[in-house]
Amino acid sequence: MPIPKNFQSLKAEWYQKLKDAGFDDIEQDENYLKRWTSAAHLRGKHKGRDFETVLRHQGYVQDYFRLTKWFLHDYKFESTRLKLIWHYHSNGMPYRDIAVRLKSFGINLSASTIQSYIYRLEKKMLAKYDQE
């Protein structure tokens, strides 16, 4: 069915009435949202991956952080500083945020230094639990 010639003016008129009434449309146009939702699974895709792949990845992430918690309690850390860094990491805190938190305690470490500590500890963690 062809679109009537006055459609755009009629559409603009009704969109204006909705806006004046306080309605905030979530769509920017017919194909795009103004604000993207984190509920990508509703669209069946997440960053180009299907929903099943996303769920499997989330399961791996949960397993990883479960291991980090066990390691926090099982491993004899070389220093309190390393244990504190691992504690924050095991709670999902990003490297930069860990650096800021440590700075508030007077410990000045860069995010890249923290990342190298975490990588080193991560190798030990994976070796420890791979043997068990």
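Determine if region 77-84 includes at least one residue that is in contact with a helix residue (DSSP H, G or I) (Cβ under 9 Å, 6 or more places away or on another chain), assigned to a loop (DSSP other than H, G, I, E, B) and at pLDDT 95 or above. If you could, list the steps in order and put the result at the bottom.
Quick first cut of region 77-84, residues in contact with a helix residue (DSSP H, G or I) (Cβ under 9 Å, 6 or more places away or on another chain) only: 77, 81-84.
Okay, now just the ones that are also assigned to a loop (DSSP other than H, G, I, E, B), so 77.
Filter again for at pLDDT 95 or above, leaving 77.
Yes, some residue in region 77-84 is in contact with a helix residue (DSSP H, G or I) (Cβ under 9 Å, 6 or more places away or on another chain), assigned to a loop (DSSP other than H, G, I, E, B) and at pLDDT 95 or above.
Out of Gly92, Gly106, report the one residue that is surrounded by fewer than 13 Cβ atoms within 10 Å (Cβ to Cβ), on the phi > 0 side of the Ramachandran plot and under 19 Å from the mean Cα position of the chain (by Cα). Give the steps one after another, and end with the answer.
Working: Gly106 fails: under 19 Å from the mean Cα position of the chain (by Cα).
Answer to the selection: Gly92.
Which of (1) closer than 17 Å to Tyr75 by Cβ; (2) surrounded by 12 or more Cβ atoms within 10 Å (Cβ to Cβ) is the odd one out, the single condition Ala99 does not satisfy?
With respect to (1) closer than 17 Å to Tyr75 by Cβ; (2) surrounded by 12 or more Cβ atoms within 10 Å (Cβ to Cβ), Ala99 is out only on (1).
The values are calculated or read from the model by the stated rules, or taken from the named source; none is laboratory data. These numbers come from a predicted model, not from an experiment. So basically every Cβ, Gly included, is an ideal-geometry build from the backbone, and we count neighbours across all protein chains shown.
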